[in-house]
1. Could you list, in sequence order, the residues of the stretch 20-36 that are assigned to a helix (DSSP H, G or I) and either of a type in the set (Gly, Ala, Ser) or surrounded by 14 or more Cβ atoms within 10 Å (Cβ to Cβ) (or both)?
2. Of everything in the stretch 37-81, what is closer than 14 Å to Cys12 by Cβ, without any contact (Cβ under 8 Å) to a residue 12 or more places away in the chain and either β-branched (Val, Ile, Thr) or surrounded by 10 or more Cβ atoms within 10 Å (Cβ to Cβ) (or both)? Give them in sequence order.
Amino acid sequence: MSVRVMEKTMTCAEFQESLPELFEAHADLNAQEHLKTCDNCAALVRDLEYIASQAKLLLPMHDPSPAVWDNIQQAIRRNPSAQPGRK
């Protein structure tokens with residue numbers, strides 16, 4: 001995946017359209033020329049970064065315990081008609 005190079009003449013709409021790609025690529029947004037000259041987009045990026053950091057705090061990222069998977073398997077065995085493709 002290639003991240004487009006941001007140019008000074010980029011409009012706000014163009015920059016904002018490229019934001020998902022930039023976030024996905026973990027690009028250094030502070031290096032983007034558009035943010036150096038556009039207070040609105042700079043504020044938007046700050047807000048999005050804050051929201052993303054706070055969202056990580058909402059739920060701990062833990063894999064379910066093996067007991068959860070065992071319970072799922074047991075439930076499937078007890079009710080085989082609930083398996084996909086079976087009627």
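1. Leu22, Phe23, Leu29, Ala31, Glu33, His34, Leu35
2. Ala42, Ala43
We did not get these values from a lab; they are worked out from the coordinates using the rules stated. Predicted, not measured: the structure shown is a model, and the values here were computed from it. Note that each Cβ is placed from the backbone with ideal geometry, even for glycine, and that neighbours are counted across all protein chains shown.
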